[in-house]
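A short write-up of the structure that comes next.
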Amino acid sequence: MQRRTFIQNTGLLTAALSTAGTELLAVSPSQNAGKNKLPKWKGFNMLDFFSPDPANSRPASQENYFKWMQDWGFDFVRIPMAYPAYLKFDRSRNITPDEVYQIDQQAVDRIDALVAMAHKHNLHVSLNLHRAPGYCVNSGFHEPYNLWTDQAALDAFCFHWNMWAKRYKNVSSKKISFDLLNEPSVRADMNDQHARHSTVPGEVYRKVALAASEAIWKENKNHLIIADGNDTGSSVIPAIADLNIAQSCRGYNPGIISHYKAPWANKDPDHLPEPKWPGQVGDKYLSRAMLETFYQPWIELVNKGVGVHCGECGCWNKTPHDVFLAWFNDVLDILSSNGIGFALWEFVGSFGILDSGRTDVAYEDWYGHKLDRKLLNLMLKA
């Protein structure tokens, strides 16, 4: 579809919202008291298309990964995608706004193949734009505009979501969902990783989420849509609670535990207080009580009839393993006891259950991989 044709044809009546996405999200708040509208999915993020540059992408996920997930009892994978990963343009220079529409069909087919492998093993797939036109929580690719302020960026955002919605037009919401935008916030400089972050104003978030949702529901009114929490996934979004859109929280709080020494999350990663759980770390006492407070708004959202899932969680491999497991046990227990499912940030890699590179783990050999059995068991009991 041409850009101009798409933009001309995306005007939809908001009255359609009353029936959109109803296949899974069909329970009214009064019927839903204390029960999550979303299934209690458990699984992993798969990072095959996480990088904006295919030349720097992760090794392709193997079908065995999905078989193992299914055998262990998991039922969910989230696929965070960087939109440039499936475009054709000259990568020797910054992308232009017009090039954001240049879809690489072969790359899209590779994403299709990953989705098909997950479906073969009865895993729900949540497609996510980790990098969308005009926004990403991470730097590393020069965005040509700002999703929160520029109509051209919003038009492109809707174009991409319409494409994916059309691609899976006839796939049940029990098998696929659409996670609009990874970890939204307003950043003072869209292309500076450590620039000042602030909350997306509610009316702005609503405008962007509604526009993208309408582009998706145009293809199938039962498509299931999820919106990541504000403030990079940490805060509920009251401004869209009346829409038929689920919301996604994060399992990274506090960052001194989950992102200890992570260079992308800390300006001075080599001079941080040693993490403890529970215990005094820097000027804060870290405990389960702080997690209960952090997740209370999300629990209240569930009780109001809004579907909630934790789309990302886990801990980078520099946090001592015993501290990680003690903290993660509390995180998962709080989520699970309130019917909220979760997805570990990755399956294979530094946050994963396989080949995490931790130096303080007694790994189990697993078909040539190093399995963190303690972490796996913790996830399975949640």
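List the number of the failed condition for Ala132; all other conditions in (1) surrounded by fewer than 20 Cβ atoms within 10 Å (Cβ to Cβ); (2) closer than 18 Å to Val100 by Cβ hold.
Of everything listed in (1) surrounded by fewer than 20 Cβ atoms within 10 Å (Cβ to Cβ); (2) closer than 18 Å to Val100 by Cβ, Ala132 misses just condition (1).
If I filter the stretch 137-145 for residues that are outside any helix (DSSP H, G or I), small (Gly, Ala, Ser) and farther than 26 Å from Met69 by Cβ, do I get at least one hit?
yes
Hey, among the residues in the stretch 57-100 that are in contact with a Gly (Cβ under 9 Å, 6 or more places away or on another chain) and surrounded by fewer than 20 Cβ atoms within 10 Å (Cβ to Cβ), which one's modelled with the lowest pLDDT?
Top of the filtered list is Arg58.
Report the residue count in the stretch 190-241 for those that are farther than 27 Å from Ser172 by Cβ, of a type in the set (Asp, Glu) and crowded, with 16+ Cβ neighbours inside 10 Å.
Result for the stretch 190-241: 1.
Consider the stretch 179-207. How many of its residues are of a type outside the set (Val, Ile, Thr), modelled with pLDDT of 95 or more and part of a loop (DSSP other than H, G, I, E, B)?
7
Only residues that are farther than 11 Å from Phe50 by Cα, of a type in the set (A, V, I, L, M, F, W, C) and not in a strand (DSSP E or B): list them for the stretch 61-92, please.
Once the filter is applied, which keeps residues that are farther than 11 Å from Phe50 by Cα, of a type in the set (A, V, I, L, M, F, W, C) and not in a strand (DSSP E or B), the stretch 61-92 yields Phe66, Trp68, Met69, Trp72, Phe74, Phe89.
Only one residue in Gly311, Gly352, Gly339, Gly282 is of a type outside the set (D, E, K, R), surrounded by fewer than 21 Cβ atoms within 10 Å (Cβ to Cβ), in contact with a helix residue (DSSP H, G or I) (Cβ under 9 Å, 6 or more places away or on another chain) and within 17 Å of Gly43 (Cβ to Cβ), so which one is that?
Gly339
Would you check if Ser126 is touching a residue at least 12 places away in the same chain (Cβ under 8 Å), under 21 Å from Pro39 (Cα atoms), in contact with a strand residue (DSSP E or B) (Cβ under 6 Å, 6 or more places away or on another chain) and in a strand (DSSP E or B)?
Considered against the rule, which asks whether it is touching a residue at least 12 places away in the same chain (Cβ under 8 Å), under 21 Å from Pro39 (Cα atoms), in contact with a strand residue (DSSP E or B) (Cβ under 6 Å, 6 or more places away or on another chain) and in a strand (DSSP E or B), Ser126 comes out as yes.
Do we find that Ser126 is more than 25 Å from Ile95 (Cα to Cα) and either touching a His at 6+ places or on another chain (Cβ under 9 Å) or at pLDDT 95 or above (or both) in this structure?
It is true that Ser126 is more than 25 Å from Ile95 (Cα to Cα) and either touching a His at 6+ places or on another chain (Cβ under 9 Å) or at pLDDT 95 or above (or both).
Mind checking which residues of the stretch 135-145 are touching a helix residue (DSSP H, G or I) at 6+ places or on another chain (Cβ under 6 Å) and closer than 16 Å to Glu183 by Cα?
The answer is Val137, and nothing else.
Go through (1) modelled with pLDDT of 90 or more; (2) in contact with a helix residue (DSSP H, G or I) (Cβ under 8 Å, 6 or more places away or on another chain) for Ile7 and report which single condition fails.
Every condition holds for Ile7 apart from (1).
The values are calculated or read from the model by the stated rules, or taken from the named source; none is laboratory data. Since we're looking at a predicted model, the values are computed, not measured. Virtual Cβ from ideal backbone geometry, glycine too; neighbours counted across all protein chains shown.
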